[in-house]
Amino acid sequence: MQFDDARIPKDAVLGEVGDGFKICMWQLNNTRIGCAAGALGCAGGLIDLALQYCEDRTQFGRPIGQFQMIQSSIAELVVEHHAAQLLVYRAAFLKDQGKPNQFETSIAKYYSAEAAVHAANEVMKIYGSWGFSTEYPVERYFRDAKSYQVVEGTSNIQKTIIAGIAMGTAQNR
């Protein structure tokens, strides 16, 4: 649908006339914090699934969580989750304070989305062939994690925003 020469009453205009793109980008920055938090929750859920599976699944007479390669994966995921958590909290704190936060929000969204996908990949490997079976929730988490690399601005867009602000060619709003 397209509106040509539509007349909008002054009391129905959001913000100032001509500021529509600016308002849209401000709102998009707000929703990106929510996406970053969603990715954080997704990664946390995957870690919980992995920890439980590492206790329940045995191989060669012992729980698979006793194997060093599994422990290495778990350690990576836990560290990435904690780092993502701090990034999300910082972006949300700055937003709550009314301070510029686009830089921190893009960092949080980018990192938490990548951490969620990494968690999904690793947990799928921990589960083995059960990881992509619909009998376990890992395959659903995998799809959810991948979505965070796309929605509300792809990971590549987040990198563009981060680089622009870091290099001083874009403003942190």
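The values are calculated or read from the model by the stated rules, or taken from the named source; none is laboratory data. Fair warning: this is a prediction, and the values are worked out from it, not measured in the lab. Positions of Cβ are generated from backbone atoms using ideal geometry, with glycine treated the same way; all protein chains shown enter the neighbour counts.
Results for (1) modelled with pLDDT of 95 or more; (2) among the polar types (S, T, N, Q); (3) in a helix (DSSP H, G or I), shown as yes or no for each residue.
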| site | (1), (2), (3) |
| --- | --- |
| Ser129 | no, yes, yes |
| Glu135 | no, no, no |
| Glu152 | no, no, no |
| Ile165 | yes, no, yes |
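Screening the candidates Asp56, Asp48 for the property of being without any contact (Cβ under 8 Å) to a residue 40 or more places away in the chain and farther than 21 Å from Ala116 by Cα yields one hit, Asp56. Looking only at segment 36-59, filter to residues that are in contact with a strand residue (DSSP E or B) (Cβ under 8 Å, 6 or more places away or on another chain) and assigned to a helix (DSSP H, G or I); which one of those is surrounded by the most Cβ atoms within 10 Å (Cβ to Cβ)? That would be Cys54. Number of residues in segment 136-156 that are free of Cβ contacts under 8 Å to residues at least 40 places away in the same chain and either touching a strand residue (DSSP E or B) at 6+ places or on another chain (Cβ under 6 Å) or not acidic (Asp, Glu) (or both): the value is 9. Scanning segment 1-35 for residues that are of a type in the set (Phe, Trp, Tyr) and surrounded by 12 or more Cβ atoms within 10 Å (Cβ to Cβ) yields one hit, Trp26. As a summary of the residue check, His118 satisfies the conditions (1) without any contact (Cβ under 8 Å) to a residue 24 or more places away in the chain; (2) closer than 30 Å to Gly65 by Cβ except for the one numbered (1). Residues in segment 60-102 that are under 24 Å from Ile162 (Cα atoms), outside any helix (DSSP H, G or I) and more than 18 Å from the chain's Cα centre (by Cα): Gln97, Gly98, Lys99, Pro100. Pairs meeting the criteria (first residue in segment 65-84 and on the phi < 0 side of the Ramachandran plot, second residue at pLDDT below 95 and part of a helix (DSSP H, G or I), beta carbons under 8 Å, at least 6 apart or on different chains) are lacking.
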